[in-house]
1. Neighbouring Cβ atoms within 10 Å as the yardstick, rank LYS88, LYS229 fewest first.
2. Over 20 Å between Cα atoms: which of LYS8/LYS148; LYS8/LYS229; LYS88/LYS279; LYS88/LYS113 fall into that group?
3. Using amide H atoms built in the peptide plane, which far-off residues or other-chain residues are under 5 Å from LEU162 H to H?
4. At a Förster distance of 22 Å, what's the computed FRET efficiency of PHE257 paired with MET122, Cβ-Cβ distance as r, to 0.05?
5. Please give the calculated 222 nm ellipticity per residue for the chain, where each DSSP H segment of at least 4 residues contributes -39500 (n - 2.57) and the sum is spread over every residue; nearest 500 deg cm²/dmol?
6. Determine, for LYS279, LYS148, the number of other Cβ atoms within 10 Å of each Cβ, and report the residues in order from fewest to most.
7. Rounded if a/c is under 1.5, else prolate if a/b is larger than b/c, else oblate: which is the range 1-114, with a ≥ b ≥ c the root eigenvalues of its Cα gyration tensor?
8. How would SER66, SER30, SER204 line up from fewest to most surrounding beta-carbon atoms within 10 angstrom?
Amino acid sequence: MDFAKMGKMSGRPPLFTPGTHQMWSDPHISRFMLEAHLDPDLEAASRTHDTIQASLWWLEEEILPSPPARILDLGCGPGLYSLPLAQKGYEVLGMDISRRSLDYAREQARREKNLNLEYREMDYRELNWENYFDAILLIYCDLGALLKEDRDRVLKGIYRALRPGGIFVFDVFTPARRGREAEGRDWEVTQSGFWSPVPHLVLSETFFYPEENVFLEQHLVLEEGGEVKNYRIWDHVYTRDSVMALLEANEFKGVNFFSDVTGGEYSSESETIAVVARK
C-alpha cells in the first residue's frame, strides 16, 4: 500500500475543494446506500420511514397544491417520496444520480398501474426546465452538502423550473446539529466494507471552517492495489437568517420556516430548518 501517496492527500483542503470520487454514484458504495435508504428504522441515507410518512402527510395536507400538480423530487433515491405522491395522483418526476437506487425505484413503480411517474438518472445541477413544475422538493439537507457554486447554480435552476407561485420545499442542518465539533482523525483497516470490496485502509478526518460555518468529513481510502480514493462530504449548516439571505438573493418570496419536514413549529434549538418558499 502506498502510504506516502495517502499522506500527501491527507490534511485540510481549501474550502469547497471537491474530492476525487463521488460516493453517491460509486457502484459498490451505492449498494450500501440503498440498503440504508430501505432500512425503516435507520436515519442515514434517508430519514426513518415513520418520519417520511409524517412528512408526506404534512406535504399533502398543508403544503402542496392539489393533484395532479406537477412535482419534481430532487435526490429522489429509491422513490420513498416520489412513489407515494404519484399514488395520490400527482404527476411526479424523480431525479437522482444513483443508478442502483433508480433501478429499485423503477421496479417498484412498475408494480403499480396508472401512475404519472417518471425517474431520470440526472445531476440536478443540470436543471433545464422553465416555468414547468408546481412544486420542487429537495429533502434531507442535500442543499448543505453542495459546494457553494453548485448550490447557487441549483437554486437558480430550481427558481427557473418553477411556475410563477410554485413552491420550493427543502431542509438544512443548523449549528445545533453539529455544535462546535472538535476536528479529529481516525482510521481502520478492513478486508471489505462500506468504502471498498477489496482490502483497504480508511483514514477519516473532520475539519471545521468557521468563516463559512462548514464542516468537512474527508475519507481517504487506500486499496490493496495502491489506488487512493478521496471522498469529501461538505456539510454547510445554516441559521434562519442565512437561509433567508440566500433565498432573497435568488428572488424567492413568501418564505415560511419550520423545525423539520413534518411541519413542526420553528425553533432556534432545532437541529434542522425546513423551508417552504415561493417563486
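1. Fewest-to-most ranking of LYS88, LYS229: LYS88, LYS229.
2. Beyond 20 Å: LYS8/LYS148; LYS88/LYS279.
3. Amide H neighbours of LEU162, under 5 Å, 5+ apart: ASN131, TYR132, PHE133.
4. With R0 = 22 Å, the Cβ-Cβ based efficiency is 0.15.
5. That comes out to -7500 deg cm²/dmol.
6. LYS148, LYS279
7. Cα axes put the range 1-114 in the prolate bin.
8. Ascending Cβ contact count within 10 Å gives the list SER66, SER204, SER30.
No lab work stands behind these numbers, since they all come straight from the coordinates. Predicted, not measured: the structure shown is a model, and the values here were computed from it. No Cβ is skipped: glycine too gets one built from the backbone with ideal geometry, and neighbour counts run over all protein chains shown.
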